[in-house]
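Q: Please read through the structure below; I'll follow up with questions.
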């Protein structure tokens, strides 16, 4: 018997299956971290099916430099049916292909898997094939987040990965671990010529560390992805102003006329040329203070469905942290100018332009975790209400602090 806190409590009936009430008691003693859970493997074999389903619902194989096989992989090899209980799985960055190979060999596949997070090093065809096998064995996959080693790896494997995903996939997140050593734009691959069926995404996330070539892939003629059902687009780019970026974003926006949520952080030069005239269904726009939100709003059609605007801002925190505060009650000159322009577009130029607007949320970003601002949250809220007084008077303004809810 494995020496665990629950070992003395594990008793099997004649059938080898624990009664329901004993299963519930044992579960209260078990650790929840997957690495510790592996030590209870022998005890887990005596659990009823409903108990195994709870234990293995969410698993994580963390980043490790060790060449020893992870204990969870030993469980999958000895009890292949366990993979049938997994609904959420995260695989950390590994130095070799052993993890992906072990998971790909599960005979039952991953019939209930809904969320998958991968940190792969796409360095060999073997890694590719094993990841494809995992995806082919996940018929209910709903969300896939991939952290590629580089933009080059991502551009070369996005289409093959999506080809292996089931039609149930709705959320795709594309991220890169590092841009070190990449000083030029990777080549944008052409669309595949096969007739494979690709999932119809409802949410697409292209993270801040991606190059321009990624959005070019989805914008080019012949892209096999059907974006007509896309409800959420999150795109951030460190790229400088570019005519290619502007035209590519506009082509993607033309394909996403069902869009409800747009989260975009790009340069003002790009924003000022975006075409949102066809997005009458757009209900939520989220951006950073450094993006010209007023220009985005001005490009929406007059008969729109916008109900919420979210702005991630550090405009006050930046000023105070840099020592630009002569009084705790004094607001920097930047804030009134920013507030005046935003309020003019929302409630000044055409007060009835956004008839469904319910809230404008200011999400305060901390300047530094260790910074101590010479102002209380109460004072910050009051000063924001004074700056955005038109929105506050209409009951539209909401302020959200880091880690807190709306106030």
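Q: Considering 337, 341, 378, 382, which residue is modelled with pLDDT of 85 or more, more than 29 Å from residue 258 (Cβ to Cβ) and not in a loop (DSSP other than H, G, I, E, B)?
A: Step by step, each of 337, 341, 378, 382 is checked, and only 341 is modelled with pLDDT of 85 or more, more than 29 Å from residue 258 (Cβ to Cβ) and not in a loop (DSSP other than H, G, I, E, B).
Q: Which of the following residues is assigned to a strand (DSSP E or B), modelled with pLDDT of 90 or more and either at negative phi or surrounded by 14 or more Cβ atoms within 10 Å (Cβ to Cβ) (or both): 398, 391, 306?
A: 398
Q: Somewhere in the stretch 147-167, is a residue farther than 24 Å from residue 271 by Cβ, assigned to a strand (DSSP E or B), in contact with a helix residue (DSSP H, G or I) (Cβ under 7 Å, 6 or more places away or on another chain) and at pLDDT below 90?
A: Yes, there is a match, as at least one residue in the stretch 147-167 is farther than 24 Å from residue 271 by Cβ, assigned to a strand (DSSP E or B), in contact with a helix residue (DSSP H, G or I) (Cβ under 7 Å, 6 or more places away or on another chain) and at pLDDT below 90.
Q: Quick check on the stretch 84-102: of everything there that is at pLDDT 85 or above and part of a loop (DSSP other than H, G, I, E, B), which residue is surrounded by the most Cβ atoms within 10 Å (Cβ to Cβ)?
A: Selected residue: 86.
Q: Out of (1) closer than 16 Å to residue 253 by Cα; (2) touching a helix residue (DSSP H, G or I) at 6+ places or on another chain (Cβ under 6 Å); (3) not in a loop (DSSP other than H, G, I, E, B), what's the single condition that is false for residue 294?
A: Among (1) closer than 16 Å to residue 253 by Cα; (2) touching a helix residue (DSSP H, G or I) at 6+ places or on another chain (Cβ under 6 Å); (3) not in a loop (DSSP other than H, G, I, E, B), the lone unmet condition for residue 294 is (1).
Q: What number of residues within the stretch 265-288 satisfy the criterion of being part of a loop (DSSP other than H, G, I, E, B) and either modelled with pLDDT of 85 or more or within 15 Å of residue 299 (Cβ to Cβ) (or both)?
A: Residues in the stretch 265-288 being part of a loop (DSSP other than H, G, I, E, B) and either modelled with pLDDT of 85 or more or within 15 Å of residue 299 (Cβ to Cβ) (or both): 13 in total.
Q: Counting just the residues of the stretch 220-264 that are in a loop (DSSP other than H, G, I, E, B) and in contact with a strand residue (DSSP E or B) (Cβ under 8 Å, 6 or more places away or on another chain), which one comes out nearest to residue 159 (Cα to Cα)?
A: Going through the qualifying residues, I end up with 227.
Q: Turning to a different aspect of this structure: Checking residue 258 against (1) surrounded by fewer than 17 Cβ atoms within 10 Å (Cβ to Cβ); (2) free of Cβ contacts under 8 Å to residues at least 60 places away in the same chain; (3) over 25 Å from residue 361 (Cβ atoms), which single condition isn't satisfied?
A: Evaluating residue 258 over (1) surrounded by fewer than 17 Cβ atoms within 10 Å (Cβ to Cβ); (2) free of Cβ contacts under 8 Å to residues at least 60 places away in the same chain; (3) over 25 Å from residue 361 (Cβ atoms) leaves (3) as the failure.
The values are calculated or read from the model by the stated rules, or taken from the named source; none is laboratory data. Bear in mind that the values here come from a model prediction, so they are computed numbers and not experimental data. Note that each Cβ is placed from the backbone with ideal geometry, even for glycine, and that neighbours are counted across all protein chains shown.
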